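Let me begin by presenting the structure, written as structure tokens, before commenting on it.
The values are calculated or read from the model by the stated rules, or taken from the named source; none is laboratory data. As the structure is a prediction and not an experimental result, all values here were calculated from the model. Note: areas computed on protein heavy atoms with side chains; ligands, DNA, RNA excluded. Shrake-Rupley method; radii C 1.70, N 1.55, O 1.52, S 1.80 Å.
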Amino acid sequence: MPKAEIGQAVQLLDLMLEFFADDNHWARGCYDDGDGGHCLVGALLHLSRKHRLPAAPVMALLQDAMPRPGLPLVHFNDTRCGSVAELRSVILKARRLAHDDAARGEAAAALKIWLLAQIEERRAATATADISGTVPDVAFERLAA
């Protein structure tokens with residue numbers, strides 16, 4: 001995930017945590033209960049539209065944060081999630097995963113720079129060895145004279 005996308009995902013996850021700080025904002029069985037409450041996906045879509053932030057990266061992070069791999073977000077919200085505190089813990093886990101993605105991306109970029117520098121050093125060393133190895137010392141003496 002690109003760094004800018006991670007930043008937006010974290011921003012949206014923070015908005016979701018803020019939204020679900022009020023236990024009464026959590027709804028089950030519907031995306032929007034008509035009284036200010038939303039389920040996990042409903043809140044994600046609502047806040048994404050309201051703040052013009054992309055929802056897809058956050059959906060992927062939330063899916064990765066599920067307590068059981070492959071558990072659909074709606075099913076988790078409506079049947080598996082025992083409390084709004086558990087819901088918030090999943091959002092926090094998704095937030096940590098976003099930061100882990102960012103750290104992995106930065107480490108990969110640093111490694112790439114280091115590897116390219118190593119390749120360039122070897123190329124330069126090989127080129128120097130090739131030049132000094134292909135021209136006999138006698139030729140250098142003639143050129144110097």
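May I ask you to compute the full-extension gain from E121 to C30, defined as 0.36 nm times their residue separation minus their alpha-carbon distance, rounded to one decimal in nm?
Values: separation 91, 0.36 × 91 = 32.76 nm, distance 6.05 nm.
That pair, E121 and C30, stretches by 26.7 nm at full extension.
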Checklist line | For L53, residues with placed amide H under 5 Å, excluding near neighbours | finding: none
Note to self: Probe of 1.4 angstrom, ligands and nucleic acids ignored: what's the accessible area per residue over the range 1-100, in square angstrom?
What the structure shows: 53
Check: Given H placed on each backbone N at 1.01 Å, which residues far from W26 in sequence or on other chains put an amide H within less than 5 Å of it?
Finding: H38
Notebook entry, point to check: Residue by residue through the range 10-22, which ³J(HN,Hα) values in whole Hz follow from phi under the Karplus form 6.51 cos²θ - 1.76 cosθ + 1.60 (θ = phi - 60°), with glycine and proline marked x?
Noted result: 5, 4, 5, 5, 5, 5, 5, 4, 5, 4, 7, 5, 8
Margin query: Please list, in order along the range 71-77, the HN-Hα scalar couplings obtained from phi with the Karplus expression 6.51 cos²θ - 1.76 cosθ + 1.60 (θ = phi - 60°), rounded to whole Hz, x for Gly and Pro.
Written below: 6, x, 4, 5, 5, 4, 4
Item checked: J(HN,Hα) series, the range 48-55, from Karplus relation 6.51 cos²θ - 1.76 cosθ + 1.60, nearest Hz, glycine and proline x -> 4, 5, 4, 9, 6, 10, x, 8
